[in-house]
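Before any comments, here is the structure.
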Amino acid sequence: MEQDHIRMKTDIHICWTIDCEATQKAIDNVDLGMRAIRGFAALITEAELRATLFVLPADAAAYPALLRELDEDRFELALHYHPHEEGYDDFCGGYAAEAQRKMYGDAINKFADAVGARPKAFRTGSCSANDATFPVTADLGFDCCSHSMPGRNMAQLRSNWAGAPQHVRYAHPANRLLEGGLDLVEVPVTTDPESMLWSGAHPQDLRVELFDAKNQRYMIDKVLAREKTRPQPVQAIVALTHNTFKYDDPADFRRQTMQEMMSDFAELADKHDVNLVPATISQVAAAYRAAVPVSTCRSRGE
C-alpha cells in the first residue's frame, strides 16, 4: 500500500523595503513622498505583509507624524543615507571609517530627533559601501543592515558587490565580500547576478520600478527556486522600491506592478512548496541570530 508523502514547505522570509528619499534635491516633493508611503503601506497591510522603510534624515524630519502613525507590528523605520543630501560630495563608499562614523552618527541623531527612536537597521544610499562600512555600522550600534546588492559593479557609485554573498549572514570586520566576525547581520537586496543589466554593471533585482510585472514574475520564479535549495539556516527575499512614485493612485503603473508581484509571489510560492514568512529586515536578522548565535559563529573563527 502506497503511503502518502507529505511535502514539507520551506520557510522563506519575504521583506518589502522602500527607500524614503522624497526630500532629495533631485525630487524635492514631500507631498509625493507622503502619498507614496500611504499607498505603499495600504498595499502591504492589505496583503498582510511586512516592510522596512529606509528613511533619509531629512524625510524623517519632513513628515514624522506620518511615520509614527504606521503600525509598528507591520512596518519598521530604519535609516537611509545619501551623503550628497547632507553636504558631502561623494557616495558612502568613497569615505574612510572616521568620516563614515561621523556622517552616520549625525544621521542617527537627526533621525531619532524626528521619529523619537534610534533606528536598528541601516541601508546606505545606492548600496554604496567599502570595507569600512560594516564595522562602522556595527560600532554605531545597529543590529542589522541591508547595504549589499550582490553582483552590482558600479564604481561611479562606490557600489562594488561583484562576488558578494547572496544570503543573510554576519558581516565581516575587514572585507565586505566575506562573512562572519561582526555582531551585525547583513540582509542583502535580492538580485540575480546571472542577469546583468546596464552593460554588465547592475544585476536584475526585485525593484518594482525596474521592470513590468511579466519580467518580475520570471525573476520571482527563479529566486524562489534558488532560495528553496540554498543551504542556509535562514532564507530571505528582499524587494525594494522608492517613495517617489504614486503608490496611492490605483491607475499608477508601479502600484499595479507591485500588486502583480505580490500576487505572483503567493502563486509561485505554492508551485515551489514555499511558505512565505512576512518580515521586516530586523525580523529577518532576529531569525538569523536565533538560528546562528553570534558567539557560535565567532567560536568557529568565521
Tell me yes or no: at least one residue of segment 74-89 is of a type in the set (Gly, Ala, Ser) and in contact with a helix residue (DSSP H, G or I) (Cβ under 6 Å, 6 or more places away or on another chain). no
Of the residues in segment 171-199, those that are touching a strand residue (DSSP E or B) at 6+ places or on another chain (Cβ under 7 Å), under 26 Å from Lys222 (Cα atoms) and either surrounded by fewer than 16 Cβ atoms within 10 Å (Cβ to Cβ) or hydrophobic (A, V, I, L, M, F, W, C) (or both) number 7
If we keep only residues of segment 10-31 that are among the charged types (D, E, K, R) and in contact with a His (Cβ under 9 Å, 6 or more places away or on another chain), then the residue surrounded by the most Cβ atoms within 10 Å (Cβ to Cβ) is Asp19
Checked pairs for segment 100-113, first touching a residue at least 24 places away in the same chain (Cβ under 8 Å), second buried (at least 19 other Cβ atoms within 10 Å of the Cβ) and part of a helix (DSSP H, G or I), C-beta under 6 Å and 6 or more apart or across chains, list as Gln100/Val136; Arg101/Val136; Ala107/Pro57; Lys110/Pro57; Phe111/Pro57; Phe111/Ala60
Residues of segment 204-226 being in contact with a strand residue (DSSP E or B) (Cβ under 7 Å, 6 or more places away or on another chain), charged (D, E, K, R) and either more than 17 Å from Glu194 (Cα to Cα) or modelled with pLDDT under 95 (or both), in sequence order, are Glu209
Within segment 156-165, residues in contact (Cβ under 8 Å) with a residue 60 or more places away in the chain and either crowded, with 23+ Cβ neighbours inside 10 Å or under 15 Å from the mean Cα position of the chain (by Cα) (or both) come out as Ser159
Determine whether segment 144-155 contains at least one residue that is in contact with a Leu (Cβ under 9 Å, 6 or more places away or on another chain), crowded, with 21+ Cβ neighbours inside 10 Å and either more than 19 Å from Cys92 (Cβ to Cβ) or aromatic (Phe, Trp, Tyr) (or both).
no
Given the criteria of a type outside the set (Phe, Trp, Tyr), under 19 Å from the mean Cα position of the chain (by Cα) and surrounded by fewer than 22 Cβ atoms within 10 Å (Cβ to Cβ), does Glu48 qualify?
yes
Check segment 131-143 and report whether any residue there is in contact (Cβ under 8 Å) with a residue 60 or more places away in the chain, within 27 Å of Val294 (Cα to Cα) and part of a strand (DSSP E or B).
-> no
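The values are calculated or read from the model by the stated rules, or taken from the named source; none is laboratory data. What you see is a predicted model, and the numbers here were worked out from it, not measured in a lab. Cβ atoms come from the backbone with ideal geometry, glycine included; neighbour counts cover every protein chain shown.
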